[in-house]
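For reference, the structure discussed in these notes is given below.
The values are calculated or read from the model by the stated rules, or taken from the named source; none is laboratory data. Keep in mind that what you see is a predicted model, and the values were worked out from it rather than measured. Neighbour counts are summed over all protein chains in view; Cβ atoms, including those assigned to glycine, are modelled from backbone coordinates with ideal geometry.
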Amino acid sequence: MKSTSSPATHQPFVVALAAWILPGLGYVLIGQKARGITVGVVIVLLFVFGLLIGGARALEVPMVEREEVQVQRLDDGVKIKPLPPRLMDEIRNKPWSIAQVFTGPVGIAGGCLSAWAGKVTSINPTVTAGVESHSRVNEIAILYTAVAGMLNLLAMIDSAHRAGRLLELK
């Protein structure tokens, strides 16, 4: 898929960063507009379909507690703040969150939505803004969102590599 216009020369790092910020933008920067639009639409739709299947709560954000833990703390009347979990331990418990972040601001906004939807209040600790999906539905939703992130990582690498090749040819 070659573009009829001359490709712009950008540094590979800039192209990879642009592809992370907006999936497909890296290809557009190097002159492959059709490929960029196709890749961007596929990645964003895959992520959105994952959210539609499992809801916003399918994204488990590191350092954000699940509803059951929050309710248990409220019921027990625990006044002592527990030690904050270490970030690396949280990431080890939720490894798919790494892949979800590769979708860029789309994944980060989804993570913020997930954290907001899972928050319980002391006024009514049994109600949250979002319902958590369970079983295979949750697993499928996590898989969709993680695959979207991994596809964007591949697109970032590929577009950056192509940008480097274009710089070599000039």
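Points worth noting:
- When Arg92, Arg35, Arg57, Arg73 are checked against the criterion of being among the basic types (Lys, Arg), in a helix (DSSP H, G or I) and at pLDDT below 70, Arg73 stands alone in meeting it.
- So Ile80, is it modelled with pLDDT under 90 and more than 17 Å from Asn138 (Cβ to Cβ): yes
- Of the criteria (1) more than 20 Å from Ala141 (Cα to Cα); (2) modelled with pLDDT under 80; (3) aromatic (Phe, Trp, Tyr), which one Trp116 fails: (1)
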